[in-house]
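Okay, structure first, notes after.
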Amino acid sequence: EKNVDEGKRVEFKLDKVCELRFEVENNEEVELELKSGMAEIFGTELIQNKKYVFYSGGKIAVFTWHGCVLELSGKTEVAYIAKETPMVMYINTHAALEQMRVKAETDNTSGPTVMVVGPGDVGKSTVCKLLVNYAVRLGRRPTFVDLDVGQGQISIPGTIGSLSVERPADVEEGNFSLQAPLIYHFGHISPSVNINLYNCLVSQLADIVQMRGETNRKAAISGVVINTCGWVKGLGYKAVIHAAQAFEVDVIIVLDQERLHNDLKRDLPKFVKIVLQPKSGGVVERSRQHRVESRDAKVKEYFYGLSTPLYPHQYDVKFSDVTILKIGAPLLPDSLLPLGMKQEDAHLKLVAVPPSNQLLHHVLAVSMALTSDDDIVRSNVMGFICINGVDMEKKVLTILAPAPRPLPRSILLLSDVQFVDTH
Ligand code: ADP
């Protein structure tokens, strides 16, 4: 293990099937260069002699199949070469999925829908990224679905969504390029806050992804890779089962939890292939603080960009020009429910939110719905705004938006997620 210090360049020689793992120290940057050989980061190949920069908190593994020489400079928290990795297992999974795609091509059926499940911090997102990247590198166009409302890869926290992937993920930012993502607003960072709404949105997303497969042969053959959240107990487990049914998954990869593996085998039909795989020793457990920071960073990235800066707009909107709603009414005791109404109905009910100072710093989703006659709960969203100011006297909201005025739609959905715009 070496710690790389400021100003110094440190060379690492990797044998085949090894990885260099490093973490970037807080408020520091680390530069990486591939000097010779071939290497990849979570499935995306590196270009020789190109300098890649990683920022504060980054946790990276540079893997090589055939051996390589790497150089690091900047401040790392840790940097070491690991010889034991589950990468061979993961690539075997990829190979099996690819065979299913080839079969789908000849049989005129659909490619594999694979879901990655497990508790928090076992590398679920990373395995999804690997599988998607490897598929893309073979010329496939897989659909990536992220059901993790806490630490999702596609949009900001509090959402689920899907994306058709054409290019490997960006090495430095770690993201897939966002071309026409399909995003649904949930509004909370844990499914537990409104599990009925969560399951409803998962069903909706599954329907749309399946419909897309019916009109796009290439997408259908390429299949779907689904990331899930780390909540796998009680209702969380039920949500995993629900997602598996909604997406009609063919394969489930369970990372690091034998019990979950056994439970799923017991509760899902036999034709679903369920495999247990180890987590990588490199996966770093993230502290609560780190999670809070990375959620915040995700919202900031939405408005301001990362390595390519974005320039959001701030402008005023009259209270009377928007309709602010939240999904989910407070629960009444059964005895007080109006006749014929079920408790679940309340979870999906739209409630008007009168403008007030309480909206300050909240993120709001801009619904695709045009009028209140549309199915607002199940409509996808166009994007997000943040409330930077509320003037109760003038009756205007000052909003931060990715595009210039006017707001493209007037129905806004309140999220628990907050962002303090310090720019
Ligand atoms: P999960 O989705 O299960 O919560 P992630 O895939 O997000 O877990 O991984 C947690 C963290 O560990 C991420 O910051 C990721 O970059 C890092 N990580 C994953 N695999 C490795 C590895 N082999 N070496 C070093 N860091 C890794």
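Annotations for the structure displayed:
- Here Leu325, Leu407 are screened, and the one residue that is surrounded by 15 or more Cβ atoms within 10 Å (Cβ to Cβ), modelled with pLDDT of 95 or more and in a strand (DSSP E or B) is Leu325.
- Looking only at region 254-282, residues that are crowded, with 17+ Cβ neighbours inside 10 Å, of a type in the set (A, V, I, L, M, F, W, C) and not in a helix (DSSP H, G or I) come to 6 in all.
- Residue match in region 93-103 (condition: in contact (Cβ under 8 Å) with a residue 60 or more places away in the chain and within 16 Å of the ligand (Cβ to nearest atom)): yes
- Taking the conditions (1) more than 16 Å from the ligand (Cβ to nearest atom); (2) open to solvent by 50 Å² or more (accessible area, probe 1.4 Å); (3) not basic (Lys, Arg) in turn, Pro112 satisfies each one other than (2).
Residues checked against (1) at pLDDT 95 or above; (2) closer than 15 Å to Ser110 by Cα; (3) within 13 Å of the ligand (Cβ to nearest atom):
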{"residue": "Thr215", "(1), (2), (3)": "no, yes, no"}
{"residue": "Lys238", "(1), (2), (3)": "yes, no, no"}
{"residue": "Asp263", "(1), (2), (3)": "yes, no, no"}
{"residue": "Gln277", "(1), (2), (3)": "yes, no, yes"}
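- Note on region 341-382: residues that are within 26 Å of the chain's Cα centre (by Cα), without any contact (Cβ under 8 Å) to a residue 40 or more places away in the chain and in a strand (DSSP E or B) total 2.
- Restricting region 54-87 to residues that are of a type in the set (Val, Ile, Thr) and within 13 Å of the ligand (Cβ to nearest atom), the residue that is surrounded by the fewest Cβ atoms within 10 Å (Cβ to Cβ) is Val78.
- Number of positions in region 241-253 that are more than 16 Å from the ligand (Cβ to nearest atom) and crowded, with 17+ Cβ neighbours inside 10 Å: 7
- Filter result for Leu348 (under 30 Å from Leu264 (Cα atoms), more than 16 Å from the ligand (Cβ to nearest atom) and surrounded by 15 or more Cβ atoms within 10 Å (Cβ to Cβ)): yes
- The residues of region 221-240 that are on the phi > 0 side of the Ramachandran plot and surrounded by 18 or more Cβ atoms within 10 Å (Cβ to Cβ) amount to a single one, Gly223.
Yes/no matrix, rows are residues, columns are (1) open to solvent by less than 20 Å² (accessible area, probe 1.4 Å); (2) under 24 Å from the mean Cα position of the chain (by Cα):
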residue	(1), (2)
Arg9	no, no
Phe12	yes, no
Val24	yes, yes
Glu31	no, no
Leu34	yes, no
Ala39	yes, no
Thr44	yes, yes
Ile47	no, no
Lys50	no, no
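- For region 125-150, a residue qualifies if it is within 12 Å of the ligand (Cβ to nearest atom) and either hydroxyl-bearing (Ser, Thr, Tyr) or surrounded by fewer than 21 Cβ atoms within 10 Å (Cβ to Cβ) (or both), and the qualifying residues are Ser125, Thr126, Gly150.
- The single condition among (1) aliphatic (A, V, I, L, M); (2) modelled with pLDDT of 95 or more; (3) open to solvent by 80 Å² or more (accessible area, probe 1.4 Å) that Val299 does not meet is (3).
- Of all residues in region 218-236, exactly one satisfies the criterion of being in a loop (DSSP other than H, G, I, E, B) and more than 21 Å from the chain's Cα centre (by Cα), namely Gly234.
- Wholly within region 25-98, strands (runs of 3 or more DSSP E) carrying at least 1 residues that are among the acidic types (Asp, Glu): 29-37, 68-74, 76-82
The values are calculated or read from the model by the stated rules, or taken from the named source; none is laboratory data. Fair warning: this is a prediction, and the values are worked out from it, not measured in the lab. Quick reminder, even Gly has a Cβ in these numbers, built from the backbone with ideal geometry, and neighbours come from all protein chains shown. Calculation scope for accessible area: heavy atoms of the full protein, side chains included, ligands and nucleic acids excluded. Shrake-Rupley method; radii C 1.70, N 1.55, O 1.52, S 1.80 Å.
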